[in-house]
Amino acid sequence: MGISIVIPSKGRVNLLGELLESVFIARQNYSGKSEVIVVDDSNEKDSLEIRKLCEKYDCKMMYFSPSVAGKRNYGGRHAEHEVILYLDSDCLATPNLINEHLKLYEDKSVGAVLGLLEFTGEDTWFWKAAGNSQFVTSFYLAKHAKNVSWGPTANFSVRKDVFIKTQGFDEDFPNKPGGEDVDFGLRINKLGYKIACTSHGLVYHSKKTWIPVKDMFKRVWYYGSSDYYLMKKHPDFNECTA
């Protein structure tokens, strides 16, 4: 079984470089076929630096804009292998990440796999408050659950044929990002597939991109207001049981 790792990016050159280095190590620890697709719409200067990183770490670089959901779909459509693993550019892969995801696909009823995310970095006063909110605790779902109805796509894999059946992420959600990963998971479940969890398929998520107060309030607004659109699309959706 091969794996295509899709990473949407915009700026964050240093963080992306650290991620690509960690993914390179994970690929070396996997005996099967793999590829990395970076879908970018950075400014010209950052894009040039990202292209150099892609050459260094054996990655494909593609241009697509504007939304994260659109980038994930674009990368997914161009994926060559049976499983697509989505990672965010402010994360770090652990050395055995690929193996831990793929071994769960031995169960044919599993259509997707949610890996564990752990936040790393400075504990500011604001993080201590935000870190206990539902917007962050959802990243720890894989630590306690065997199967889930959705999961954050910062560490989330899916069979490519399931991705095709669902038609990928809904790019029409008005908040970008906000809600499209929940919707994607719910539609995978409605097709009759399980989303299995792996606490050993671990990714570290940087707090740097979450700590700025203005950015965090923007996230809270996006995530909170997206529930309205999720309820309209999935009347049976209950976030408490997701």
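Summing Lys, Arg as +1 and Asp, Glu as -1, what charge do residues with Cβ under 12 Å from the Cβ of Tyr57 carry, Tyr57 excluded? Before the final figure, lay out each step's value.
Details: positive: Arg27, Arg51, Lys52, Lys56, Lys60; negative: Glu18, Glu21, Glu35, Glu55, Asp58.
Every neighbour counted, the sum reads 0.
About its Cα centre, what dipole magnitude does segment 1-143 give when the only charges are +1 on Lys and Arg Cβ and -1 on Asp and Glu Cβ, stated in debye to the nearest 20?
With only Lys, Arg, Asp and Glu charged at Cβ, the dipole is about 240 debye.
For segment 1-58, the carbon plus sulfur part of the accessible surface works out to 46%, probe radius 1.4 Å. Mean projected area of the convex hull spanned by the Cα atoms of segment 1-71, taken over all viewing directions: 4.6 nm². Extension gain for the segment Asp172 to Arg51, taken as residue separation times 0.36 nm less the Cα-Cα distance, is 40.6 nm to one decimal.
Order the peptides 201-207, 103-109, 10-16 from the highest to the lowest mean number of other Cβ atoms within 10 Å of their residues.
Details: 201-207: 21.6, 103-109: 12.9, 10-16: 18.1.
Going by the mean number of other Cβ atoms within 10 Å, highest first, we get 201-207, 10-16, 103-109.
In this calculation the C-beta distance from Ser31 to Asp236 is compared with R0 = 35 Å, giving a FRET efficiency of 0.25.
Model label sites at Lys146 and Glu106, defined 7 Å from Cα along the beta-carbon direction, differ in position by 1.6 nm.
The values are calculated or read from the model by the stated rules, or taken from the named source; none is laboratory data. Model, not experiment: these values are computed from the prediction. Backbone-built Cβ (ideal geometry, glycine too); neighbour counts: all protein chains shown. When the accessible area is computed, the model is the full protein with side chains, heavy atoms only, and any ligands, DNA or RNA have been set aside. Shrake-Rupley method; radii C 1.70, N 1.55, O 1.52, S 1.80 Å.
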